[in-house]
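First comes the structure, then the notes that go with it.
The values are calculated or read from the model by the stated rules, or taken from the named source; none is laboratory data. Every value quoted in this text rests on a predicted model; they were computed, and no experiment measured them. Here Cβ is always computed from backbone atoms with ideal geometry, including for glycine, and neighbour counts include all displayed protein chains. Protein only, heavy atoms only, side chains kept; ligands, DNA and RNA dropped before computing areas. Shrake-Rupley method; radii C 1.70, N 1.55, O 1.52, S 1.80 Å.
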Amino acid sequence: MGTFGHEIYDVVGIGFGPSNLSLAIALEEHQANERTRPVTAAFFERQPAFGWHRNMLLPSTTMQISFLKDLATFRNPVSRFSFISYLHTSGRLPQFVNTQDFFPTRQEFHQYLEWAESSVTDRVSYGSEVTSIRPPRGIGAGDAEHLEIEVRDVHSGATRLVRARNVTVSTGLVPRMPKGVERDERVWHSSEFLAKFRRMDPAGLNSVAVVGAGQSAAEIARFLYDSLPHARVSAILPAYGYSVADDTPFANQVFDPGAVDEYYFGSDQTREAFWRYHKNTNYSVVDDEVIRDLYRRSYEEEVRSSRRLFFLNLTRVNEVKRSGDETRVSLHSLLDDGARELDVDALVFATGYDSMEPSGLLGDLDRHCLRDEAGRHRVGRDYRLVTNPELPCGIYLQGGTEHSHGLTSSLLSNIAVRSGEIADSIVQRRTEHEFGRDVALEIERETL
Ligand code: FDA
Ligand code: NAP
């Protein structure tokens, strides 16, 4: 196993989606504004190139946040990494403004992310999967001045070690399948949708079904209906139809940076109320426009008296039986408490995601990380895992903090501010470590 140079980085980022991209930008901008020495950083991403949920880049799908909630603007409104700066560079700023729309397509936002990535790409290793984080061999976590990060080359399988005083785990959401259902070439999760769809001959897809009533499910049902004009499309909905995502102004306040403090410093009842009243801003809900698109298609079928779009309301999947090209789905309907079977050529589970969970990467280090009464990681306001005092290195989370920081944890809404807070924490702790706490506070006062 090789080592990645002799350098000990101030921070190593695991995963390079929008969250760590935003951190790379925050560190870059921090450098431009401060007299302190540069924060050295390296990022590792297992994909071969930058990609943001590529398998869901369906035509016409739009962002679910305002373009102003980009990688930097909420932290630094004059950032050169803003979406507006990207539009200006691309020569489309006036045209974009003419659309009078806050919500660009996901394809355009993806182009923006790639554009931003191109300025920091020298810090990123692609095709590089992090497999573990641990103290240096032979040294207890308590005495470790740095951590070792094991990185596997996705192509060759070779591994190497990288050293860092801090890590930011930003590995993203984890696709969720119903218990007992295995994915294969005809049974897909929405996170792999386009890759698997493109492998099929459309002529062989005469009956397809989509499970779920969230945004992914509705977008995929619409896409399949439009792309397969000959096919029967069944939407298997646990609800009585799709429900709208509340993005009205008062409800949207739950995604404001200030809501993070109110959630974090609130009581258990505060946090429970956030979820009880506002889960419908994000989970198991669909944008109004997509709902109306689907309903219009369904109504047009009624007018034509020819049906190939079916909504199976209050229905869940019990079992999937696979044999060769055949896929049989066993369903249970709450409408009549009845069971029925459906034969399909492809079945898409748009059944959502689990939150990011760092324990697998942390391995033995996890026992130094403190947990709350419910067994969840304790996380500082600066997104650093609370550890016992003998672990001096910082392990920061971007994601997986719904229980401590609230609804924005897995979303883009707050990444500009969050990554700034993490960058500040890394710099502050480094100064404290080098000069002691009093001098660090003095330096901080001077730079304000
Ligand atoms: P993200 O999942 O984007 O990136 C994590 C990266 O880590 C991936 O590139 C992965 O390959 C890499 N990785 C994982 N394990 C690794 C390892 N061990 N080693 C190396 N690399 C590893 N939110 C929102 O606010 N507005 C929106 O419009 C949308 N739209 C949207 C569409 C779709 C289809 C989905 C599924 C989700 C959204 N979201 C969203 C929510 C989504 O979580 C958010 O947009 C970002 O993807 C969060 O960025 P992250 O960088 O945290 O995770
Ligand atoms: P989601 O909102 O969690 O929805 C999952 C759906 O699957 C729910 O309706 C759930 O029903 C259902 N389900 C789970 N298990 C089931 C089963 N066994 N049988 C039938 N139904 C089952 O997941 P998502 O739609 O993938 O959205 C995840 C995130 O990605 C959200 O933040 C969303 O906004 C985002 N997203 C954004 C875009 C975009 O920007 N355009 C596109 C797609 C997704 P229950 O309610 O009963 O659990």
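Of note:
- In region 121-137 there is no residue matching the filter, namely being more than 30 Å from GLY360 (Cα to Cα) and of a type outside the set (Val, Ile, Thr).
- Hits in region 248-266 (condition: more than 16 Å from ligand 1 (Cβ to nearest atom) and open to solvent by 50 Å² or more (accessible area, probe 1.4 Å)): THR248, PRO249, PHE250, ASP261, GLU262, TYR264, PHE265
- The set of residues in region 218-247 being open to solvent by 30 Å² or more (accessible area, probe 1.4 Å) and part of a helix (DSSP H, G or I) consists of PHE223, ASP226, SER227.
- Screening the candidates GLU301, GLU289 for the property of being free of Cβ contacts under 8 Å to residues at least 12 places away in the same chain, open to solvent by less than 90 Å² (accessible area, probe 1.4 Å) and part of a helix (DSSP H, G or I) yields one hit, GLU301.
- Scanning region 354-372 for residues that are exposed (fewer than 12 other Cβ atoms within 10 Å of the Cβ) and within 15 Å of ligand 1 (Cβ to nearest atom) returns ASP354, SER359, GLY360.
- For region 1-60, the candidate set comprises residues that are part of a loop (DSSP other than H, G, I, E, B), within 15 Å of ligand 1 (Cβ to nearest atom) and open to solvent by 40 Å² or more (accessible area, probe 1.4 Å); within that set, the residue that is nearest to VAL151 (Cα to Cα) is ARG46.
- The set of residues in region 300-336 that are within 16 Å of ligand 2 (Cβ to nearest atom) and among the acidic types (Asp, Glu) contains only GLU319.
- Any hit, region 63-72, residues being crowded, with 17+ Cβ neighbours inside 10 Å, within 10 Å of ligand 1 (Cβ to nearest atom), on the phi < 0 side of the Ramachandran plot and aromatic (Phe, Trp, Tyr): no
- The residues listed here are ARG308, ARG322, ARG316; of these, the one that is of a type in the set (Lys, Arg), in contact with a His (Cβ under 6 Å, 6 or more places away or on another chain) and in contact (Cβ under 8 Å) with a residue 24 or more places away in the chain is ARG316.
- Among the conditions (1) open to solvent by less than 50 Å² (accessible area, probe 1.4 Å); (2) modelled with pLDDT of 95 or more; (3) within 21 Å of GLY172 (Cα to Cα); (4) assigned to a helix (DSSP H, G or I), THR351 misses just one, which is (4).
- Scanning region 193-217 for residues that are open to solvent by 20 Å² or more (accessible area, probe 1.4 Å) and either among the aliphatic types (A, V, I, L, M) or away from ligand 2 (no atom under 12 Å from the Cβ) (or both) turns up ALA195, LYS196, PHE197, ARG198, ARG199, MET200, ASP201, PRO202, ALA203, GLY204, ASN206.
- Taking each residue of region 35-61 that is touching a residue at least 40 places away in the same chain (Cβ under 8 Å) and looking for partners that are open to solvent by 40 Å² or more (accessible area, probe 1.4 Å) and within 8 Å of ligand 1 (Cβ to nearest atom) with beta-carbon atoms closer than 9 Å, six or more apart or interchain, yields PHE44/GLU129; GLU45/GLU129; ARG46/GLU129; ARG46/THR171; ARG54/GLN47.
- Residue list for region 304-331, filter: of a type in the set (Lys, Arg) and either more than 26 Å from ARG186 (Cα to Cα) or part of a loop (DSSP other than H, G, I, E, B) (or both): ARG304, ARG307, ARG308
- Looking at ILE84, ILE149, just one residue is more than 16 Å from ligand 1 (Cβ to nearest atom) and surrounded by 16 or more Cβ atoms within 10 Å (Cβ to Cβ), and that residue is ILE84.
Conditions tested, residue by residue: (1) at negative phi; (2) surrounded by 18 or more Cβ atoms within 10 Å (Cβ to Cβ); (3) under 31 Å from the mean Cα position of the chain (by Cα).
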| site | (1), (2), (3) |
| --- | --- |
| LEU294 | yes, yes, yes |
| ARG307 | yes, no, no |
| PHE310 | yes, no, yes |
| ARG322 | yes, no, yes |
| GLY338 | yes, no, no |
